[in-house]
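Only one structure is covered here, and it is reproduced in the block below.
The values are calculated or read from the model by the stated rules, or taken from the named source; none is laboratory data. Everything numeric here is computed off the predicted structure, so don't read it as measured data. Note that we place each Cβ from the backbone using ideal geometry, even for glycine, and neighbour counts take in every protein chain shown.
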């Protein structure tokens, strides 16, 4: 992992989050949770061509989120858990901040509610 300031980052974190920014690619990843699939199987629920789905798969592959094998005439895609785990690990570094922020929000909302009840 690379260091940027105080937070360690996987080397391809930008590519990972860029790939995850697209809802179609997130849907493809959700589909691949059930197991590997070829382009035709992945394209079926979408209103897009197989070449368009292939372009999405290339982005996911470059980000390291999936890998593609060769099985006779098929090129099935499957998830790569290690890359997703690296992104989750990076996000977990902010967990304390999120928890603290939500606790502060809870305090503000509770104070607002108590103020309204007094009035």
- Query: Which one of the conditions (1) in contact with a helix residue (DSSP H, G or I) (Cβ under 6 Å, 6 or more places away or on another chain); (2) closer than 21 Å to residue 91 by Cβ; (3) part of a helix (DSSP H, G or I) does residue 24 fail to meet, given that it meets all the rest?
  - Reply: (2)
- Task: Return the residue satisfying two criteria in turn: it lies in region 44-68 and is under 13 Å from residue 29 (Cβ atoms) and either in a loop (DSSP other than H, G, I, E, B) or modelled with pLDDT under 85 (or both), and of such residues it is nearest to the chain's Cα centre (by Cα).
- Result: 65
- By residue number, the members of region 72-104 that are under 19 Å from residue 40 (Cα atoms) and in contact (Cβ under 8 Å) with a residue 12 or more places away in the chain are 74, 75, 76, 77, 78, 79
- Query: If you scan region 69-90, which residues turn out to be more than 13 Å from the chain's Cα centre (by Cα) and at pLDDT below 90?
  - Reply: 69, 70, 71, 72, 73, 74, 75
